[in-house]
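Enquirer: I have a structure here, written as C-alpha cells, and I will follow up with some questions on it.
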Amino acid sequence: MADTPQPERRTRGRPRAFHDASAQNVIQSLDRAIMILEEVSRHEGIGLSDLANRLDQSPATAYRVLVTLEKRGIVELDPASQNWMVGAQAFLIGSRFLRRTSLVERARPFMRRLMEDTGETANLGVARGDQVLFLSQVETHASIRAFFPPGTMSPLHASGIGKALLAARQDGYVPAEGLEHFTAQTITTSAALLDDLAATRDRGWAFDDEERTVGMRCIAAPVFDATGEAVAGLSVSGPVSRVTPQTVADLGTAVAEAASRLSAALGHSPAE
C-alpha cells in the first residue's frame, strides 16, 4: 500500500504560499541597497564615484540609495570630504543583534545560578529612557515570588536595576524633580536619589526597599560590556518576609559577584 502523501509543512516566518525561488523572492532594489551599505561599512569614508566603481553601479543609482539610507540615519555624508560613512542608526540596529545573541543568552546561566544561590527570583533589565525594560527572569521555586515578565517596564528611580544603572553612569545623569510616587518608600526628589546612588556606588549594589511595590524588595548590580559601559542590570527580588534587613548584605554580595562574572563573560576587564 502506497504511503499517504503528507501535507507540506510551512516554515515559520514565511508566507503560506512560499516556495524557494530565490530570484523571484529577492527585492532587487533592497538587495542593491544592502550591498552598498556593506561596501560603505568596509571604509572609514568613501566617495560616490569610488563606491559606484567598486560595485559596478551607476553613480546616480548609488546616490539615490545613499540618500535614502541617509534619511534613516544609516549612512552619513561628511560635508568637508564628501565621503560617505556608516551612520549611528546602523550601529543601533547592529547592537540590537548583539544584545539578543550575547546579553540575554549569556546571562541565563548566571541568572539561574544566582537564583539557586539566593533562593530568590533573578532578573535582567536594561535602561530605556527613564525606564527599566526587563528582558529575562529566572523564577524562584518558592510559593511567594516576584514576577517581572519580559517587556515589563519600571521607572529607573523606583527599581533596583534602575538605580544600579544610574549609579554606574559616567555622565552624572539623574532624573528631574517630581519623580513619580508609588509607595511611602519611593524616592521622589533628586537630592534623595543622589544620596541613594552614592551609597549604591560605595557598597557595589542597589537596594529597592519596597519603593515600587509594597511587600517586595530588590537588590541589583550593574553589568558592564567590553567597553566599560553599564549595558544592563542583574537583580534578585523577593518578599520582605525573606529579603530581610539581616539578609540584604549577603544578597547584595551574591548579586554583585554574579554581575561581575556576567560582565567578564561579556568581555569586561575591571583593570582596564
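Every number in this text was worked out from the coordinates using simple rules, so none of it is lab data. Predicted, not measured: the structure shown is a model, and the values here were computed from it.
Enquirer: Can you tell me the 0 to 90 degree angle between the C-alpha axis of helix 88-98 and the longest principal axis of the chain, rounded to 10?
Expert: The answer is roughly 60 degrees.
Enquirer: Please tell me the relative contact order of region 22-86 in percent, rounded to the nearest whole number, where contacts are Cα pairs under 8 Å and at least six residues apart. Write down the numbers at each step before the final one.
Expert: Values: 54 pairs, mean separation 22.8, N = 65.
Rounded, it is 35 percent for region 22-86.
Enquirer: Tell me, what is a quarter of the convex hull surface for the C-alpha atoms of the chain, in nm² with one decimal?
Expert: 23.3 nm²
Enquirer: Under a no-solvent Debye model with one identical scatterer per Cα of region 22-86, what's log10 I(q)/I(0) at q = 0.13, 0.15 Å⁻¹?
Expert: -0.32, -0.42
Enquirer: Give me the angle, in degrees from 0 to 90, between the Cα long axis of helix 59-71 and the longest principal axis of the Cα atoms of the chain, rounded to the nearest 10.
Expert: It is inclined by approximately 20 degrees.
Enquirer: Please report Rg (one decimal) and Dmax (integer) in Å for the Cα set of region 133-240.
Expert: 13.5, 41
Enquirer: To the nearest 10 degrees, how steep is helix 190-203 against the longest Cα principal axis of the chain, on a 0 to 90 scale?
Expert: 90 degrees
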